[in-house]
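*Asks:* Below: one structure in structure tokens.
The values are calculated or read from the model by the stated rules, or taken from the named source; none is laboratory data. This structure is a prediction, so every number in the text was calculated from the model and none was measured. Cβ: placed from backbone, ideal geometry, glycine included. Neighbour counts: every protein chain shown.
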């Protein structure tokens with residue numbers, strides 16, 4: 001724990017700023033999650049706005065914000081490009097499954113102990 005008065009104040013300020021930064025990052029994550037669940041222009045605008053606020057507060061860098069916004073825009077563009085008409089469902093005919101019959105295993109007779117004993121003695 002700091003002893004000097006200015007260091008004590010700096011520690012207090014750091015704690016407050018850290019809490020604000022965490023809140024700002026949490027807002028970004030929640031806005032991106034909302035956009036991920038329902039990709040529409042309004043949610044995209046909200047997420048990009050939260051990212052811009054974080055840049056203004058120096059929580060994230062400009063390049064990181066630009067990258068995140070570009071990723072979101074690309075996802076929104078892909079969502080719009082998806083065809084809205086569903087493909088017709090193919091009807092399948094019921095095919096009776098045949099069960100495979102297991103082949104019986106060959107029974108191999110073991111050599112008797114007497115025969116093996118005589119071969120060893122020779």
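*Asks:* With 68, 25, 50, 39 as the choices, which residue is surrounded by 12 or more Cβ atoms within 10 Å (Cβ to Cβ), in contact with a helix residue (DSSP H, G or I) (Cβ under 8 Å, 6 or more places away or on another chain) and either in a loop (DSSP other than H, G, I, E, B) or at pLDDT below 95 (or both)?
*Replies:* 39
*Asks:* Here's a follow-up. For the structure I just gave you, tell me whether residue 13 is over 33 Å from the mean Cα position of the chain (by Cα), assigned to a helix (DSSP H, G or I) and free of Cβ contacts under 8 Å to residues at least 40 places away in the same chain. Break it down into steps so the answer makes sense when it comes.
*Replies:* Working: over 33 Å from the mean Cα position of the chain (by Cα): yes; assigned to a helix (DSSP H, G or I): yes; free of Cβ contacts under 8 Å to residues at least 40 places away in the same chain: yes.
Yes: the conditions hold for residue 13.
*Asks:* Taking residue 59 as the residue in question, decide whether it is assigned to a helix (DSSP H, G or I) and modelled with pLDDT of 95 or more.
*Replies:* Details: assigned to a helix (DSSP H, G or I): no; modelled with pLDDT of 95 or more: yes.
So residue 59 fails the test.
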